[in-house]
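Below is one structure, written out as C-alpha cells; the observations come after it.
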Amino acid sequence: MHMKNVLVIYYSQTGQAKQALNAVLKPFEESKNHHLTYLLIKPKKRFPFPWTYTQFFDVFPETVQGIPCELEPLKIDTNINYDLAVIAYQPWFLSICVPINSFLQTSDAKILLAGKHVITIINCRNMWLGAQEKMKKRLLDIKANLAGNITFVDRSSNLVSLVTVLAFVLKGTKENFMGVFPKYGVTDKDLEHAPVFGKIIMDNLENNNIHNIQPQLNQEGALDIRGNLLLMEGRGKALFPLYANYISKKGTQGSEQRKTRVRIFGIVLPTAILILSPIITILSRLLPLLAKKKFAKEIAYYSQNTLRES
Ligand SMILES: Cc1cc2nc3c(=O)[nH]c(=O)nc-3n(C[C@H](O)[C@H](O)[C@H](O)COP(=O)(O)O)c2cc1C
C-alpha cells in the first residue's frame, strides 16, 4: 500500500477544533502508515479570548464580508504533493472564521489545494450551514474538491446554547454557568464516536476512492441538520450582509466611529434570537407537514457537498 500525505489545516482559539481533529484522525495516528502534516493558521494580530462584548461584535462585519486579516508566514513546503487536505474550522456569524477564510484567499492555499480532495471538520455551537456554503464556494474557486464534511455541535437546545456560548466566548466559562447551565460544546460521547469518521476517510483514501465519501460519513451521523436552525440561518443570511454594511460604512475594525452601531447590533442579535427561536421552532415543526417536499429537499441539499446554482 502506498503511503499517503495528508495536510491538516486548522485554527483554534481554545483548542476545541484540535480536539475534534485529534478524535477524527485517531485511526491515522494509530496506523502510522500515512504522513500527517499539521498547519496551524496564525493571524498576525491574535483574536482575543475571552472577548469583550464590543470586540466580539466588532469582528462581525469583516467576518460576514469575508475580508481577510494578515497571517503569520505559513510554515509549509508548497512543493509537496498532498493526497488529501483536512480543514478544521469554526463558523463565526454564519460565515467562515476570519483566520481560515484569510488562508483560503492566499496564493499558497491555491497551490496547496487546487485539484485536491478536501475534508472539512466543523466545530461550533450549532449553526454551520451558511458557513459551509461559503466554504463550498471558496473551494470551488480554488478548484479543490470537497469530498466530505463532518460537524461537531453543542447538542443542547438553541436557547440554552445561546447562553452557554456567550458565557464561554465573553467570560471564558465553559462549565456550570450560574450553577445551572450545562457544559458548552461538543460532548465526550461525540468525540469518542469520531474515529469512525477517520476510519472511513482512511479506508477510502487507501482505495483511491475519496472523491465523495459524504454518504458514508452521513450513515455514521456526520452532519447535524436541524429544521429550526435551517430556518433561523435563512433569516441571518438575508439580514447579516445588510447590517455588516451598515456598520462598516461608519468606520474600520476597532474604530471609535462605528462603536455605537456595533453595540446596537450586540443587543439586537441576541434579542432577535431569543424572540425568533420559539416562533421558528414551531414553524419548523409545521413546515415538514405543510411543505413536506420542499423541506426534505432543503435537508437533502445541506447533506451533500455541491453548491446550489444561484
Ligand atoms: C466571533 C464568533 C462568532 C461565532 N459565531 C458562531 C456561529 O455563527 N455559529 C455557531 O454555531 N457558532 C459560532 N461561534 C462558536 C464557535 O463556532 C466555536 O464553538 C468556538 O469559537 C470554539 O472553537 P475553538 O475553541 O476551536 O476556537 C462563534 C464564536 C465566535 C468567537
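The values are calculated or read from the model by the stated rules, or taken from the named source; none is laboratory data. Treat the numbers as computed from the prediction; the structure is a model and nothing was measured. Every residue, glycine as well, gets a Cβ built from its backbone with ideal geometry; the counts of neighbours run over all protein chains shown.
Restricting attention to the stretch 274-307, the residues that are touching a residue at least 40 places away in the same chain (Cβ under 8 Å) and over 12 Å from MET232 (Cα atoms) add up to 12.
Identify all residues within the stretch 50-68 that are within 28 Å of ALA147 (Cβ to Cβ) and within 13 Å of the ligand (Cβ to nearest atom); write none if there are none. Listed by number, the residues that qualify are THR63, VAL64.
Listed conditions (1) part of a loop (DSSP other than H, G, I, E, B); (2) surrounded by fewer than 21 Cβ atoms within 10 Å (Cβ to Cβ) are all met by ASP190, apart from (1). Only residues that are in contact with a helix residue (DSSP H, G or I) (Cβ under 6 Å, 6 or more places away or on another chain) and within 20 Å of ALA144 (Cα to Cα) were counted across the stretch 1-30, and they come to 3.
From the list ILE273, ILE264, the one residue that fits, being over 20 Å from ALA131 (Cβ atoms) and hydrophobic (A, V, I, L, M, F, W, C), is ILE264.
Residues that are more than 30 Å from ILE264 (Cβ to Cβ) number at least 1 in the following helices (runs of 4 or more DSSP H) confined to the stretch 30-147: 98-104, 107-113, 129-141. One residue stands out among those in the stretch 91-122 that are surrounded by fewer than 24 Cβ atoms within 10 Å (Cβ to Cβ) and among the polar types (S, T, N, Q): the one that is farthest from the ligand (Cβ to nearest atom), which is SER107.
Taken over the stretch 162-187, the residue count meeting the criterion of being within 16 Å of THR14 (Cβ to Cβ) and not β-branched (Val, Ile, Thr) is 12. Checked against (1) farther than 21 Å from PHE28 by Cβ; (2) among the basic types (Lys, Arg); (3) modelled with pLDDT of 90 or more, LYS199 passes all but condition (1). Only residues that are more than 14 Å from the ligand (Cβ to nearest atom), more than 23 Å from ASN79 (Cβ to Cβ) and either touching a Ser or Thr at 6+ places or on another chain (Cβ under 7 Å) or at pLDDT below 95 (or both): list them for the stretch 1-26, please. Within the stretch 1-26, just MET1 meets the criteria. The residue pairs whose first member lies in the stretch 60-73 and is more than 16 Å from LYS42 (Cα to Cα), whose second member is surrounded by fewer than 16 Cβ atoms within 10 Å (Cβ to Cβ) and not aromatic (Phe, Trp, Tyr), and whose beta carbons are closer than 7 Å, counting only pairs six or more residues apart or on different chains, are VAL64/PRO241. Return the residues of the stretch 202-224 that are within 19 Å of the chain's Cα centre (by Cα) and assigned to a helix (DSSP H, G or I); say none if nothing qualifies. Listed by number, the residues that qualify are GLN214, LEU217, ASN218.
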